1. What's the tally of Lys pairs in the chain whose alpha-carbon atoms lie under 23 angstrom apart, where the two lysines are 8 or more places apart or on different chains?
2. Explain nothing, just the number: relative contact order of the chain, from Cα pairs under 8 Å at least 6 residues apart, as a whole percent.
3. Neighbouring Cβ atoms within 10 Å as the yardstick, rank Arg19, Arg57 fewest first.
4. Kindly put Met167, Met80 in sequence by how many other C-beta atoms sit within 10 Å of each C-beta, fewest to most.
5. Quote the convex hull volume per residue of the chain, based on C-alpha atoms, as a whole number of Å³.
6. Mean Kyte-Doolittle of at least 0.5 and a Cα length of 24 Å or more along the axis: which whole DSSP H helices of the chain meet both?
7. Counting other C-beta atoms within 10 Å, which of Ser39, Ser232 has the fewest, and how do the rest follow?
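What follows draws every value from the coordinates through simple rules; no lab data is involved. Quick caveat, the model's predicted, so the values are computed rather than measured. Please note: Cβ atoms are built from the backbone with ideal geometry, for glycine as well, and neighbour counts cover all protein chains shown.
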Amino acid sequence: MPLIGSSAEAIDLAEDRRRFENFLNGLGIPQPPGAGVTSVDEALKIAQLIGYPVLVRPSYVLGGRAMEIVHNASELVRYMKPAMELDTKHPVLIDKYLQGKEAEVDAIGDGESVLIPGIMEHIERAGVHSGDSMAVYPGVSLTESEVETIVDYAIRIGLALKIKGLMNIQFVIMPPAESETSGSKPSVYVLEVNPRASRTVPFLSKVTGVPMVKVATKVMLGKSLEEQGYSSGLWPKQ
């Protein structure tokens, strides 16, 4: 069945945790240490390697369903056993839980350009699902360096996936380690990419003045961002 907008391949690449891990590695874009696993033994080995606490979540879910922060091996076994019984085909992602600040973008791609209407910063700590947290625009503590990195990653991901329509990306930002010099840059990691509309689209559309659903729909029907008067990159703050 033909699809308008982003391809089925792009959707699968973003949603299959193991494929997505390889995809980001190929782009040289960092993600929290971890791996996709398909057995309890694999899960225990990865968690031991990267260290607890870890964030565990399955592939192909919406709204943060079944996402959990796990602090030890017994909790991980308790999580993995029913997860493996439900789905042995798609991997469960186990990431090192990074306690940084979280940011996200809603973007529109047309296959050639990526428009980022704005970057939102979460108020709660990383690990609280975006559906249960509050976000503000513009970000209250995002530095120029962090913004530039987020924009760079979002554009490269959107172009590599050949996104045509809406896309949501979530990031966690870690401050420089205490042992590093004061001039060191903070680390920006990609948590996940969703090649679809997010719950934050209406909010971001209103505060930025970019009618995101209208623009994305026209893109999906064949009208480029340039033809609609938009250029690639971050939309000026309103």
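1. 21
2. With pairs under 8 Å counted, the relative contact order is 23 percent.
3. Values: Arg19 16, Arg57 20.
Ascending Cβ contact count within 10 Å gives the list Arg19, Arg57.
4. With the fewest neighbours first, Met167, Met80 line up as Met80, Met167.
5. Details: hull volume 30.3 nm³, N = 238.
Each residue corresponds to 128 Å³ of Cα convex hull volume.
6. Numbers: long enough: 144-161 (26 Å, 0.63).
Flagged H segments are 144-161.
7. Ordered by Cβ neighbours within 10 Å, fewest first: Ser39, Ser232.
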